1. Any idea what the dipole of the range 4-100 comes to, in debye rounded to 20, about its Cα centre with Lys/Arg Cβ at +1 and Asp/Glu Cβ at -1?
2. How much length is gained if the chain between Ser22 and Asn73 is pulled fully straight, taking 0.36 nm per residue apart and subtracting their Cα-Cα distance, in nm to one decimal?
3. Distance in nm between label sites at Phe5 and Glu81, each 7 Å beyond Cα in the beta-carbon direction?
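Every number here is computed from the coordinates shown, using simple stated rules; none is lab data. As the structure is a prediction and not an experimental result, all values here were calculated from the model. Glycine gets a Cβ as well: all are built from the backbone with ideal geometry, and neighbour counts include every protein chain shown.
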Amino acid sequence: MSTRFKFTQRSIDQLPDHSVESRSRFAEYTDSDTVGLKVLVSKAGRKWFYARLTFNGVKKAIKLGEYPLLSLNDARLKTRELRIKGVEVSQQTMPTFADFVMVK
C-alpha cells in the first residue's frame, strides 16, 4: 500500500496496524488532498491526525487529535487553518504555543 493517497474515512479505517517488528513506533501516511495532513498508526492500531508544517523555516509537527474522535473533515479544516495562520504569523513574529492550541 502506498503511503500517499487521498484520505477517505474508509481508507483510514482500513489502514493496518503498524508492524510490531518495526523499529519505528508508528507508520505515517500522507493525504494527497490536504498539504501537510498526516495519519500516524501505532502498533496497537490507534490512529492520530498530525499537521506537518513549516513556520519561519522551522518544521513543526502538530498533533490534531485521535481518529475517529476527530473526523477527517475537521482534521483537514484544522490543517488548512494552521497553514493560513502560519503564513500570517510568519510575516510578523514567531508563533507561540497559544497559536497552536485549538479549543472546541
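1. It comes to approximately 180 debye.
2. Going from the current span to full extension adds 15.3 nm.
3. Calculated label separation equals 2.9 nm.
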